[in-house]
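The next block holds one structure in the form of structure tokens; read it before the comments.
Just so you know, all these numbers are worked out from the coordinates, no wet-lab data involved. All values reported here derive from a predicted model rather than from experimental measurement. All Cβ positions, even for glycine, are placed from backbone atoms using ideal geometry, and neighbour counts span all protein chains on display.
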Amino acid sequence: MSEATPIVMVIDDDSAMRESLESLFRSVGLNVRALASVSEFAKSERPEGPSCLVLDVRLPEKSGLDFQRELAAANTLLPIIFITGHGDIRMSVQAMKDGAIEFLTKPFRDQDLLDAVQLGLAQDRVRREKERSLLSLRDRFATLTLREREVMAEVVRGRLNKQIAFDIGISEVTVKVHRGQVMRKMKASSLPDLARMSDRLMPLTQQPETS
């Protein structure tokens, strides 16, 4: 399945600035959704593909910095590029500390904004790919039986087959069978590969059952 089209979200209450930004992004082949307020953003659907947010610091409803914190609190992971005509060092430091990609003071160079947007889209693309990969990994883990999960937990601890067999009260041959099933179902190419998968799956792999 091909990736959904990237899109740049813009929130700025200045209609002239919105039009200017729309024109700039479209001129380099980017899709853009320009909004006048945070309320409009809240009512709009989240993009299906990689996205980033170009956000004015000063908005009529609330500041862009406050909105950035609200998004973070809601675990809405969206790369943000701030633009402002009234910025200061304190604002810039706070925005970057809270995870902003860039903080640009008007008038800014178009290329600086485009570079920041491309970085934001690239970061969101990587995040989405990691989420898809983790979801696939969790789906594979869900196919393991409780015994296979138990064996997997012991295997990634570095325990030998005979030690695992003794600890959980089954034969060494049975441990080998379960171990083989775990490697196959998890699509692990090696023990270190399986261990990395286990780390990514925590806390699921800390217990035999999932809730």
Cα principal axis extents for region 83-195, largest first, Å
73, 24, 20
When only C-alpha pairs under 8 Å and at least 6 residues apart count, what is the relative contact order of region 143-206, in percent?
37 percent
Provide the gained length on full extension for the span T143 to S37, in nm with one decimal, where the gain is 0.36 nm per separating residue minus the Cα-Cα distance.
33.6 nm
Largest-first principal axis extents, alpha carbons of region 1-102, Å:
42, 31, 24
Applying the Karplus parametrisation 6.51 cos²θ - 1.76 cosθ + 1.60 with θ = phi - 60° to the phi angles of region 134-148, what ³J(HN,Hα) value in whole Hz is obtained for each residue in order, glycine and proline being reported as x?
5, 4, 5, 5, 5, 5, 5, 4, 5, 7, 6, 6, 4, 5, 5
Find the relative contact order for the chain and round it to a whole percent, using C-alpha pairs within less than 8 Å whose residues are 6+ positions apart.
15 percent
Give me D for the chain in µm² s⁻¹, whole number, from Stokes-Einstein with Rh from the Kirkwood sum over alpha-carbon pairs, 25 °C and 0.890 mPa s.
121 µm²/s
Count the lysine pairs in the chain whose Cα atoms sit under 28 Å apart, keeping only pairs 8 or more residues apart in sequence or on different chains.
15
Amide H neighbours of L104 under 5 Å, at least 5 residues apart or on other chains, H built in the peptide plane: list them.
F82, I83, T84
FRET efficiency for S190 and A4 from the Cβ-Cβ distance with R0 = 30 Å, rounded to 0.05, comes out at 0.35
Whole-Hz Karplus couplings 3J(HN,Hα) for region 34-44, θ = phi - 60° and coefficients 6.51, -1.76, 1.60, Gly and Pro as x, run 9, 10, 8, 7, 5, 4, 5, 4, 4, 7, 7
Running a GNM on the chain with Cα contacts under 10 Å, which residue among R157, R132, R149 ends up with the highest mean-square fluctuation?
R157
How much net charge surrounds G85 when only the other residues with a Cβ under 13 Å from the Cβ of G85 are counted, with Lys and Arg +1 and Asp and Glu -1?
-3
Let me see the P(r) profile for region 51-104: every Cα-Cα distance counted, bins of 5 Å, each bin given as a percent of all pairs.
5, 22, 36, 26, 10, 2
Net charge around M202, counting only other residues with Cβ within less than 14 Å of its Cβ (Lys, Arg = +1; Asp, Glu = -1)?
+4
